[in-house]
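Student: Handing you this structure, nothing more for now.
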Amino acid sequence: MFKLTSLISFIYLFTFSNSFAEELVVHLNVSQPQVNVYIEELINIKEGKKQEYLQALEDVLRFDIDNSARMKVCAKHLQIETLLKTKSFKELQSHLLWKELQVKYLIQIHIENKICTPTLCSIDYGYQKELKKFELEGSLLKDRKIMHQIADLVHKTLFNLDGIASSEILYAMQTKANKENQELKYNSQIWVCDYDGYNARALTQEESYCITPCFGPNKKGHSREFFYVCYDRGPSKIYISSLNDFGEGKPFIKLRGNQLLPTLSKDRSKIAFISDASGRADLFIQAIHPEKGLLGKPIQAYSFPSSVQASPSFSPDGKKIAFVSDKEKSPKIYVIETPSYSSSKKHLPEALCISKKNKENICPSWSPDGKKIAYSSMTEGVRQIWVYDFENKEEKQLTFGKFHKENPCWAPSSLHIVFNTADTDSSDIYLINLIDKVPIKITSGPGKKHYPAW
Amino acid sequence: MRHFLVKYFSLMVGMSMLFSSCSHSSGSAWEDTKTLGRYIQRGSKLLFKKNPDSKLLHARDELTGPIEEDFIPLNQQELLAIDASNFSSEEPSLEKVSLETPLAEETKAPTIDSFKKPSNSLASIFKTVHFNTDDYVLRDNTSLSVIDSISNYMKKNKEIYVFILGHCDERGSEAYNLSLGTKRASYVRNLLVKKGADSAHIFTISFGKEIPVDASHNKEAWAKNRRAEFKIYEKSSTIIK
């Protein structure tokens with residue numbers, strides 16, 4: 001199958017490459033092995049010398065491409081760098097070094113008078129494409145984002161899929177309370193950072209305790225919404241805010257008691273959460289109108305005597321919900337049909353258990369492509385991230401090593417997962433992709449960072 | 001025939017008086033009828049229960065029915081059937097969370113900021129109670145006697161408001177523990193209501209394992225952290241000891 005798709009790609013490229021000499025219309029098969037990319041050293045043409053600043057930007061781009069899961073960056077090669085400084089790509093295209101290093105694409109970034117112009121070159125077919133012009137601001141924190149955009153442009157050009165480099169991650173950070181006489185010894189706020197952990201900033205400024213954030217879907221022309229749980233009024237309530245609201249969150253769900261662990265359906269038509277309004281820790285659904293807000297009353301979606309429900313996650317089409325229940329003593333991952341509002345009395349839905357390998361399974365997160373569920377599972381005494389694949393109905397372990405790992409959440413790519421370690425010595429956010437399977441720590445410094453959401 | 005009609009008419013009038021005397025509206029009459037159904041079912045079910053305490057009927061909702069459902073519930077009969085067939089339920093009859101967070105203006109009740117940890121003599125009544133690992137039921141006599149003391153105190157001091165804070169130890173996962181803490185706090189609340197405390201004066205919070213009282217990593221610390229704490233508000237002038 002792989003050979004057949006490669007052959008089709010090759011015939012396609014061979015036939016059309018001449019007519020599209022200046023356009024990279026090739027969309028590589030996403031299931032192919034990772035593509036080797038060479039990034040030319042960033043040089044400011046006018047000054048003609050390498051600066052620390054440019055090196056930092058180059059590092060950002062290298063990180064982005066290297067962690068895209070579909071591409072791998074080749075190590076810097078002295079001879080190639082020397083050749084690229086004296087000759088054009090056309091002159092170097094047939095150089096044997098490319099084959100030796102198995103490089104398929106070259107990324108060149110020319111910077112002149114703060115204007116940054118990335119060009120993507122195909123070694124095999126000899127064509128090159130100028131992607132877009134960007135204006136650098138001279139601030140590393142801001143210009144990092146331009147490197148992220150370039151990485152995503154390269155990804156889109158080669159695979160016709162959105163990259164993750166420009167995306168952001170929400171999380172909660174717990175710190176010790178400043179005031180000595182404060183009733184709570186700890187404070188917790190919602191933070192946001194770039195997908196690589198940089199540009200971290202607090203989104204909430206509550207005196208109270210805020211946890212478990214989740215993004216609402218992107219809406220064009222609007223600042224992105226997010227939901228979180230806040231203890232401002234005593235019992236935990238779900239709040240809504242947006243990235244530009246600077247801590248002005250408002251209560252969202254009208255329901256007595258505690259509301260916990262919110263998650264939104266992809267089309268923003270429903271929010272699922274845990275509430276004790278019934279006297280138990282049950283799963284609830286609330287319908288949402290895109291403009292008007294709440295639609296009707298919340299529905300008690302799942303309950304079971306003497307059990308605790310937790311951590312709901314919608315399937316991408318919103319028709320199913322994965323969640324945790326300890327109805328069979330040990331917490332496991334179950335899937336139910338999302339209840340509808342069509343009848344007033346709801347029957348207890350049939351819950352299908354999907355986590356069978358290990359004893360303690362928690363925090364399910366449904367991948368945006370609908371094919372997998374990531375969750376945390378007790379494995380030889382340590383909580384590790386596992387992935388359940390709906391296609392072959394298999395559970396596979398993704399992480400290893402010490403430190404409990406919890407709260408996995410998928411990137412829009414369905415290839416990357418963010419999670420947090422949950423030990424006293426380590427409570428930070430990590431990024432991992434399904435291809436490399438190497439966790440990368442993206443947060444540092446004091447404070448307990450947890451409940452990441454993409 | 002006439003005698004029969006008089007008897008029949010008297011019976012109808014009597015029945016209509018009986019059913020209308022306590023009802024406020026057709027809606028609440030229906031709720032009462034519904035609740036009666038629940039009560040009958042619960043009564044028959046309880047014959048087979050091991051927990052003798054659950055035979056008591058103290059929860060206000062069981063007699064009056066909920067004032068107004070603010071969510072669309074699952075079919076309670078199905079849940080009760082599962083409960084009866086699978087469990088010797090140890091949870092007291094479910095007491096719905098009756099009030100929103102107290103708001104000073106609307107209910108003349110205090111806001112969350114007014115609630116403090118019990119101090120002085122009240123600290124000996126509102127003691128922290130502890131749970132077994134991964135359990136939401138209070139099993140030791142010490143904790144149960146604390147619940148007795150608190151409920152007695154609340155019955156005497158009608159102006160007191162209580163927040164129950166459910167906590168867990170560090171060994172469970174963060175998200176699951178948030179739910180488990182809710183369950184623990186709700187259990188304590190239900191126990192207090194069963195023993196006569198006013199359900200409208202008791203609120204619950206779960207912090208999961210977010211706020212440990214002992215940050216050590218040993219059995220003693222875990223036992224201390226699996227707890228339900230109390231925060232109270234009461235007008236000092238009304239205290240009866």
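Student: Which is touching a residue at least 24 places away in the same chain (Cβ under 8 Å), of a type in the set (Asp, Glu) and farther than 20 Å from A:LEU283 by Cβ, of B:GLU220, B:GLU229?
Tutor: The match here is B:GLU229.
Student: Just name the residue that is nearest to A:ILE333 (Cα to Cα) out of those in region B:136-154 that are charged (D, E, K, R) and modelled with pLDDT under 95.
Tutor: B:ARG139
Student: Quick check: is even one residue across region A:298-306 facing another protein chain (nearest Cβ under 8 Å), polar (S, T, N, Q) and over 14 Å from B:LEU74 (Cβ atoms)?
Tutor: yes
Student: Something else about it: For region B:194-210, give me the residue count where each residue is within 10 Å of chain A (Cβ to nearest Cβ) and under 20 Å from B:VAL146 (Cβ atoms).
Tutor: Of the residues in region B:194-210, 5 are within 10 Å of chain A (Cβ to nearest Cβ) and under 20 Å from B:VAL146 (Cβ atoms).
Student: Could you tell me whether A:ILE373 is in contact with a Pro (Cβ under 6 Å, 6 or more places away or on another chain), β-branched (Val, Ile, Thr) and surrounded by 20 or more Cβ atoms within 10 Å (Cβ to Cβ)?
Tutor: So A:ILE373 passes the test.
Student: Would you confirm, using the coordinates I've provided, whether A:ILE373 is in contact with a Leu (Cβ under 7 Å, 6 or more places away or on another chain), in contact (Cβ under 8 Å) with a residue 40 or more places away in the chain and either over 22 Å from B:SER179 (Cβ atoms) or of a type in the set (Val, Ile, Thr) (or both)?
Tutor: no
Student: Can you work out which of the residues in region B:143-169 that are surrounded by 22 or more Cβ atoms within 10 Å (Cβ to Cβ) and more than 14 Å from chain A (Cβ to nearest Cβ) is farthest from A:TYR451 (Cα to Cα)?
Tutor: Ranking the qualifying residues of region B:143-169, first place goes to B:MET154.
Student: Quick check, is B:GLY172 in a loop (DSSP other than H, G, I, E, B) and away from chain A (no Cβ under 13 Å)?
Tutor: no
Student: Quick test of your reading of the structure: A:ALA310 fulfils all but one of (1) within 24 Å of the chain's Cα centre (by Cα); (2) more than 7 Å from chain B (Cβ to nearest Cβ). Name the failing condition by number.
Tutor: Checking A:ALA310 against (1) within 24 Å of the chain's Cα centre (by Cα); (2) more than 7 Å from chain B (Cβ to nearest Cβ), the one that fails is (2).
Student: Being in a loop (DSSP other than H, G, I, E, B), within 11 Å of another protein chain (Cβ to nearest Cβ) and closer than 25 Å to A:ALA351 by Cβ: is that true of A:GLY234 here?
Tutor: No, not satisfied.
Student: Identify all residues within region A:107-164 that are of a type in the set (D, E, K, R) and under 22 Å from the mean Cα position of the chain (by Cα); write none if there are none.
Tutor: Listed by number, the residues that qualify are A:LYS142, A:ASP143, A:ARG144, A:LYS145, A:ASP152, A:LYS156, A:ASP162.
Student: While we're looking at this one, here's another question. Can you tell which of A:LEU260, A:LEU283 is in contact with a helix residue (DSSP H, G or I) (Cβ under 6 Å, 6 or more places away or on another chain), modelled with pLDDT of 95 or more and crowded, with 22+ Cβ neighbours inside 10 Å?
Tutor: Checking each option against the conditions leaves just A:LEU260.
Student: Given A:PHE252, A:PHE246, A:PHE215, A:PHE226, which one is surrounded by fewer than 17 Cβ atoms within 10 Å (Cβ to Cβ) and of a type in the set (A, V, I, L, M, F, W, C)?
Tutor: A:PHE246
The values are calculated or read from the model by the stated rules, or taken from the named source; none is laboratory data. The structure displayed is predicted, hence computed values, not measured ones. All Cβ positions, even for glycine, are placed from backbone atoms using ideal geometry, and neighbour counts span all protein chains on display.
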